[in-house]
Amino acid sequence: MLSLNLKRAFDNVSHKRLLHIMQNTDFSPWITYVIKCFLTERRTKIAFSEFESDWIFTKTEISQGSSLFSILFLFFISELLTTFECSDDETMTFDFVDDTNLITWERSAQTNCKWLKTAHSQCIAWAKRHEARFASDKYQLVYFTRCQQNFNEDLMSTVQFDSREVSTKTIIRTLRMQVDARLKWKKHVKQMVQKDNTAFEVLSHITASTWDSSIKHFWLLYIVMIQSAMLYSSQVWELQNSDEPSVTSLLKSLKSLQNWCLWKIMRAYKRISTVALKWKSNVQSMNLHIKHKTMQRTFNTADHSVSAEISETVNTIWTSLQRPADEAQKRCKQGATFTLKSSTAAEEVQKRTTKRTEEIRQLQRQLRQSQPASSQKTLIIWMNLKWKRRWTHKTVKQTVTTWNTDWKQSVHQLYDDLNKHKATALFLLCTEVLSLNVWLISVSVLNIDKQCTCEWSAQTIQHVLLFCSAYIDSQVIFFQRAEVADL
């Protein structure tokens with residue numbers, strides 16, 4: 001893939017050429033006239049402190065101040081997009097506004113370089129006609145392959161433009177994603193974690209210096225500041241077999257960061273189970289949340305025309321890369337395997353989504369529910385069932401109050417109106433992770449006797465709150481505020 005860069009793309013758009021393109025489309029003449037008036041005699045000024053310059057007229061420019069200008073720019077480069085729209089000539093392109101990437105596929109890097117040179121010459125011809133310029137010093141070249149054979153020879157091939165050689169990269173940045181040559185996504189996830197660590201430090205300072213805010217506010221900050229950034233593009237790199245070690249390793253750092261954030265928000269001890277921590281916070285496990293979002297996106301785009309076009313393009317590329325029949329037979333006789341095209345990652349996720357949706361609907365029929373849920377609600381039911389199974393597996397032989405709470409209870413609502421110190425105290429009480437003698441012994445603290453100071457056999461939270469003679473006055477106040485008398 002050769003990543004091109006238009007030099008000052010928006011600033012060098014020819015209004016005359018843009019209007020000519022719009023006139024040759026199916027738009028009504030009045031729309032073209034309105035756009036012409038919109039672009040004519042545009043002016044700007046520079047303001048700094050108390051200084052303000054005179055009006056400066058801009059003759060050739062498409063500003064990036066509104067979405068309309070991005071649409072106009074797409075019309076401006078429409079000819080370049082249609083040039084490589086078909087993948088039959090071993091070359092295609094995909095663009096996002098001013099980011100242009102040329103893609104070609106062959107079995108040797110040298111052949112790919114030849115195709116890229118041919119495609120680049122077409123781009124240069126377009127630029128001359130449209131008074132645009134490409135910045136060859138910002139070109140980037142990357143070979144997407146997981147094959148290590150002949151790495152020092154073939155994969156070191158490169159292209160040269162304007163007496164400047166384009167060096168090959170092992171990672172390229174596009175649409176805020178770090179795409180590595182082996183498509184393993186480790187670099188991208190690592191960069192996301194680094195950014196989120198900075199946001200985590202900010203969240204830590206806020207939680208440490210703010211006592212009057214409720215836990216609910218901190219949860220919202222976590223979702224907006226950290227979780228949204230962690231999950232950026234996760235629906236892309238999760239499109240793999242969920243059992244692959246690569247996906248597990250990618251999730252490991254994200255899970256760790258999520259746990260740190262929840263511990264910081266709840267001001268909880270690290271001894272507290274992360275399962276209880278996420279349930280109390282109403283925050284799904286990272287891998288479960290990503291799977292749900294990926295299946296949801298796959299379901300929403302299953303019947304989309306873009307998805308169909310992507311599948312058709314993949315099939316075309318796969319067909320063009322197939323070896324001749326005689327060569328395939330020869331390899332099979334020598335013991336080599338020759339397999340047909342496997343399903344794409346998106347198709348595999350679609351199969352998983354359909355299977356899980358049918359499982360939930362079958363379960364609903366068994367429960368005799370008259371109105372089966374929609375596919376979107378079915379995915380939510382599947383996610384809640386998976387979450388409940390993890391919770392149920394953890395509660396086996398547990399006596400702590402948290403584990404004996406009914407799964408259907410929305411326990412996170414208990415913390416909505418509580419300040420941070422009250423919410424933390426309630427959370428520690430429910431999980432019974434407090435510095436009482438019984439718990440200290442359970443975590444192997446030395447020189448501790450489980451006997452209470454009132455000489456009761458065990459110092460537990462239940463004993464201290466309800467029966468300990470050393471806290472009788474506090475127990476009376478506790479029952480009065482709780483408005484209960486039944487122990």
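The values are calculated or read from the model by the stated rules, or taken from the named source; none is laboratory data. These numbers come from a predicted model, not from an experiment. Positions of Cβ are backbone-derived with ideal geometry, glycine not excepted, and every protein chain shown enters the neighbour counts. The protein model used for the area step is the full one, side chains on, heavy atoms only, and it has no ligands, DNA or RNA in it. Shrake-Rupley method; radii C 1.70, N 1.55, O 1.52, S 1.80 Å.
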*Quick one: which of 470-482, 427-439 comes out on top by average Cβ neighbours within 10 Å, and what's the full order, highest first?*
427-439, 470-482
*Which percent of the accessible heavy-atom area of the range 91-236 goes to carbon and sulfur, probe 1.4 angstrom?*
52
*Probe 1.4 Å, all protein chains in place: accessible area of I380 in Å², nearest 10?*
70
*asked:* Using all alpha carbons of the range 157-203, what is the percent of pairwise distances in each 5 Å bin, ordered from the shortest bin to the longest?
replied: 5, 18, 18, 15, 15, 12, 7, 5, 3, 2
*For F467 and S53, what does the FRET efficiency come to when R0 = 60 Å and r is the distance between their Cβ atoms, rounded to the nearest 0.05?*
0.15
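Express the accessible area of the range 392-450 per residue in Å², computed with a 1.4 Å probe while the remaining protein chains stay in the model.
64
Among 457-463, 390-396, how do they line up by average Cβ neighbours within 10 Å per residue, starting with the highest?
Descending packing order for the listed peptides: 457-463, 390-396.
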*PRE reach from E79 (point 7 Å along Cα→Cβ): which of the range 16-50 fall under 15 Å by backbone N?*
16-25
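How do 251-262, 11-22 rank on mean C-beta neighbours within 10 Å, highest first? Working shown, then result.
Values: 251-262: 19.0, 11-22: 17.0.
Packing proxy ranking, top to bottom: 251-262, 11-22.
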*Which residues' amide hydrogens lie under 5 Å from the amide hydrogen of T58, considering only partners 5 or more residues apart or on another chain, with H built in the peptide plane?*
R42, R43, T44
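So which chymotrypsin sites (Phe, Trp or Tyr not before Pro) in the range 23-55 are both in a DSSP loop and have at most 16 other Cβ atoms within 10 Å of their Cβ? Kindly include the intermediate steps, with their values, before the conclusion.
Values: sites: F27, W30, Y33, F38, F48, F51, W55; in loops: F27, W55.
Here the sparse-neighbourhood loop sites are F27, W55.
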*Rounded to the nearest Å, what's the spacing between the alpha carbon centres of the range 406-437 and the range 33-57? Just the number, please.*
58
*Take the Cα coordinates of the range 164-285, assign each an equal point scatterer, and use the Debye formula without solvent to give log10 I(q)/I(0) at q = 0.12, 0.16, 0.20, 0.21 Å⁻¹.*
-0.52, -0.82, -1.14, -1.21
*Once all Cα-Cα distances of the range 145-224 are split into 5 Å bins that start at 0, what whole-number percent is in each one?*
3, 11, 14, 13, 12, 11, 8, 7, 6, 6, 5, 3, 1
